[in-house]
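Student: First the structure, which I've put down as structure tokens, then a few questions once you've had a look.
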Amino acid sequence: MSRESVRAHEDDDVAAQGRHARFGSLPEPVRVEDLVEEKPAVTPDPARFAYNPDEWLVRYCA
């Protein structure tokens, strides 16, 4: 082997080690819960759920 081919081979090894150090493993997986953000479409209306459908029984049938 000539010196140039040995040097080129060593350069390839160094480059391969650098690639492996940077890209040799996959990143950590991301949980599905971390991918989704939930926000209410509108602000909650407290009067919406204030009506009690059974209240008329107490007021008018007792």
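The values are calculated or read from the model by the stated rules, or taken from the named source; none is laboratory data. Everything numeric here is computed off the predicted structure, so don't read it as measured data. Note that each Cβ is placed from the backbone with ideal geometry, even for glycine, and that neighbours are counted across all protein chains shown.
Student: Looking at (1) assigned to a helix (DSSP H, G or I); (2) among the aliphatic types (A, V, I, L, M); (3) surrounded by fewer than 10 Cβ atoms within 10 Å (Cβ to Cβ); (4) at pLDDT below 80, can you tell me which one A8 breaks?
Tutor: (3)
Student: Now, a different point. Among the residues of region 20-62, write down those that are aliphatic (A, V, I, L, M) and part of a loop (DSSP other than H, G, I, E, B).
Tutor: L26, V30, V36, A41, V42, A50, A62
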